[in-house]
1. Quick one: would you say A:D6 is over 12 Å from the mean Cα position of the chain (by Cα), modelled with pLDDT of 65 or more, surrounded by 11 or more Cβ atoms within 10 Å (Cβ to Cβ) and away from chain B (no Cβ under 14 Å)?
2. If B:I134 passes every condition in (1) modelled with pLDDT under 95; (2) within 17 Å of B:H230 (Cβ to Cβ) but one, which one does it miss?
3. Got a sec? Which of B:N125, B:N111 is outside the structural domain of B:N167 (by TED's automatic domain parsing) and either exposed (fewer than 14 other Cβ atoms within 10 Å of the Cβ) or out of contact with any strand residue (DSSP E or B) (no Cβ under 7 Å at 6 or more places or on another chain) (or both)?
4. Looking at the structure I just gave you, is B:L140 assigned to a strand (DSSP E or B), within 14 Å of chain A (Cβ to nearest Cβ), surrounded by 19 or more Cβ atoms within 10 Å (Cβ to Cβ) and not acidic (D, E)?
5. For the stretch B:146-159, does any single residue satisfy the condition of being in contact (Cβ under 8 Å) with a residue 40 or more places away in the chain, crowded, with 18+ Cβ neighbours inside 10 Å, in the same structural domain as B:S197 (by TED's automatic domain parsing) and closer than 30 Å to B:F215 by Cα?
6. Criterion first (within 22 Å of B:A126 (Cβ to Cβ), surrounded by fewer than 19 Cβ atoms within 10 Å (Cβ to Cβ), touching an Asp or Glu at 6+ places or on another chain (Cβ under 9 Å) and not charged (D, E, K, R)) does B:L32 satisfy it?
7. For the structure I just gave you, tell me whether B:E117 is out of contact with any Pro (no Cβ under 7 Å at 6 or more places or on another chain), surrounded by fewer than 19 Cβ atoms within 10 Å (Cβ to Cβ) and in contact (Cβ under 8 Å) with a residue 24 or more places away in the chain.
8. Residue under question is A:A44, and the condition is that it be surrounded by 15 or more Cβ atoms within 10 Å (Cβ to Cβ), modelled with pLDDT of 65 or more, in a helix (DSSP H, G or I) and more than 14 Å from chain B (Cβ to nearest Cβ); does it hold?
Amino acid sequence: MILIDDLMLRAFGLSLKPFDLIWYMELMNDYALKEKYNLKKINAQIKENSLLFEIEEISEEEYNEKKELLKERLEKAKQIIENLSEAQIREIR
Amino acid sequence: METLKAQESENFQEQNNPDDTKIENSGRCQYLYVYGIIPLKNSKDLKFNFIGLREKPITIIPYEDIGVLISKYPFLNPILDEKEAMEHADILKKIAKKTTVIPMAFGNVFNDEKILELILKKSYNALKETLEQIKNKVELGVKVIKNNEDVIMDEDKLKTEILNALNNLSVKSIPGENFSERLLLNHSFLVEKNNFSKFSDAIAKSEKKYKQFKFIYTGPWPPYSFVNIHIRGQK
């Protein structure tokens, strides 16, 4: 049985709107995941949050709120990365 | 600067001790927490009027004319704890006020004195060389931050101007992590102790001259960023 999927159609230079939409959604999802579970980026955001608090651009309340949020995201990202294959980890990084 | 990784042999390897909780609960501290390495010449009378982590006294394990500063600690693999990491930094700051020190990062814990003696013995030359390089010097940190809305023309030119003024008063400088788009500059400077005031004045001048930026100036610290020596146990 031949499965007609978006990649196959694309290989022949064909494009079907519904498949394209799915493809774009997958791309967006991949991008969002990479952004969400990028440890380096989350760590940078934690440092930036401290910096903004230090120069008094954000209040203590805002700082603590964001700090907790980022810490949670960092822990979650670590857990998710632990369950990924090496190839997937390389892709995220 | 020479990079050195002194690792003990596999014989000394130990993973997380399942009895760690028992040790903590019973108040026993059998492991050795390392703060840094100091020269022992002229340090015979070196006494610390402050205590180490977990309120344990700081002692010295000597080898020839250098020594490693330790205190007893209950865990071999400490969990990174913000409060304890701050305490570690504070203790090292106090040590640096008394003597030259090769500072260690938070969380270096060893099984016993023999391992540390072995590390000192194997790494003696590199440690001596590093101690000489950082003698009478401190680390100062400078961050220059752009305002949120401003579009900066000649950003690179301004960065170079600020850096040049500070580099002229330091022995060495290295860039830190560029963790935010708001950072124009994030550098650590190795400065002679007797140039500390001049360096601080230069920061004050820059703050006046470049009012469009915010400056964060920290230190003096032990020269963490300028020692490339890591001692650690095998995991």
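1. For A:D6, the condition - over 12 Å from the mean Cα position of the chain (by Cα), modelled with pLDDT of 65 or more, surrounded by 11 or more Cβ atoms within 10 Å (Cβ to Cβ) and away from chain B (no Cβ under 14 Å) - is not met.
2. Result: B:I134 fails condition (1) only.
3. After applying the criteria, what remains is B:N125.
4. Against the criterion (assigned to a strand (DSSP E or B), within 14 Å of chain A (Cβ to nearest Cβ), surrounded by 19 or more Cβ atoms within 10 Å (Cβ to Cβ) and not acidic (D, E)), B:L140 does not qualify.
5. Yes, the stretch B:146-159 contains at least one residue that is in contact (Cβ under 8 Å) with a residue 40 or more places away in the chain, crowded, with 18+ Cβ neighbours inside 10 Å, in the same structural domain as B:S197 (by TED's automatic domain parsing) and closer than 30 Å to B:F215 by Cα.
6. Here the answer is no, as B:L32 does not meet what is asked.
7. Here the answer is yes, as B:E117 does meet what is asked.
8. Against the criterion (surrounded by 15 or more Cβ atoms within 10 Å (Cβ to Cβ), modelled with pLDDT of 65 or more, in a helix (DSSP H, G or I) and more than 14 Å from chain B (Cβ to nearest Cβ)), A:A44 does not qualify.
The values are calculated or read from the model by the stated rules, or taken from the named source; none is laboratory data. Since we're looking at a predicted model, the values are computed, not measured. No Cβ is skipped: glycine too gets one built from the backbone with ideal geometry, and neighbour counts run over all protein chains shown.
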